[in-house]
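Chemist: Supplied in structure tokens, the structure appears directly below.
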Amino acid sequence: MDIYGKRRTSLKAIVGTHHGAIADFARKHDIDAGFMSQLLSGHRIIGEKVARKLEGQLNLSAGSLDKPD
């Protein structure tokens, strides 16, 4: 799995722990719901800048999305 797949897997796991719609999760973390949907579906890759920004918005340590559990 490449780094983009690892980040998507990590993000899916984080969103999966939220018991609600993706739109609610995105709104709670001040992320555009359409953008979040594209990231989760693989229509957009999670590059370095986006990964670090998401980690900040989700209160995660830098590099967290690069290490799926």
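The values are calculated or read from the model by the stated rules, or taken from the named source; none is laboratory data. It should be emphasised that the depicted structure is a prediction, and the values quoted were computed from it without experimental measurement. Note: ideal-geometry Cβ built from the backbone for every residue, glycine included; neighbour counts use all protein chains shown. Accessible surface areas use protein heavy atoms only, side chains included; no ligands, DNA or RNA. Shrake-Rupley method; radii C 1.70, N 1.55, O 1.52, S 1.80 Å.
Chemist: Report, by residue number, each residue of the range 1-39 that is hydroxyl-bearing (Ser, Thr, Tyr) and open to solvent by 50 Å² or more (accessible area, probe 1.4 Å).
Modeler: If we filter the range 1-39 for residues that are hydroxyl-bearing (Ser, Thr, Tyr), which is where we start, we get 4, 9-10, 17, 37.
Within the range 1-39, 4, 9, 17, 37 meet the criteria.
Chemist: Look through the range 37-56, keep the residues that are of a type in the set (Gly, Ala, Ser) and touching a residue at least 12 places away in the same chain (Cβ under 8 Å), and return whichever of them is nearest to residue 4 (Cα to Cα).
Modeler: First, the residues of the range 37-56 that are of a type in the set (Gly, Ala, Ser): 37, 41-42, 47, 51, 56.
Now drop any that are not touching a residue at least 12 places away in the same chain (Cβ under 8 Å), which leaves 37, 42, 47, 51.
Numbers: 37: 15, 42: 9, 47: 7, 51: 9 Å.
If we take residues in the range 37-56 being of a type in the set (Gly, Ala, Ser) and touching a residue at least 12 places away in the same chain (Cβ under 8 Å), then 47 is nearest to residue 4 (Cα to Cα).
Chemist: Looking at the range 1-39, which of the residues that are in a helix (DSSP H, G or I) and polar (S, T, N, Q) is nearest to residue 65 (Cα to Cα)? Write out each step before concluding.
Modeler: First pass over the range 1-39, keeping only residues in a helix (DSSP H, G or I): 3-16, 22-28, 33-39.
Still in the running and polar (S, T, N, Q): 9-10, 37-38.
Numbers: 9: 8, 10: 5, 37: 16, 38: 16 Å.
Among them, the one singled out is 10.
Chemist: Could you list, ordered by first residue, the pairs with Cβ atoms under 8 Å in which the first is in the range 10-35 and more than 11 Å from residue 54 (Cα to Cα) and the second is of a type in the set (S, T, N, Q) and surrounded by 13 or more Cβ atoms within 10 Å (Cβ to Cβ), at least 6 apart or interchain?
Modeler: Note: pairs meeting the criteria are 10/64; 22/37.
Chemist: Next up: Go through (1) in contact (Cβ under 8 Å) with a residue 24 or more places away in the chain; (2) in contact with a Gly (Cβ under 9 Å, 6 or more places away or on another chain) for residue 62 and report which single condition fails.
Modeler: The number of the failed condition is (1).
Chemist: Checking residue 44 against (1) part of a helix (DSSP H, G or I); (2) open to solvent by 40 Å² or more (accessible area, probe 1.4 Å), which test does it fail?
Modeler: The single condition residue 44 does not satisfy is (1).
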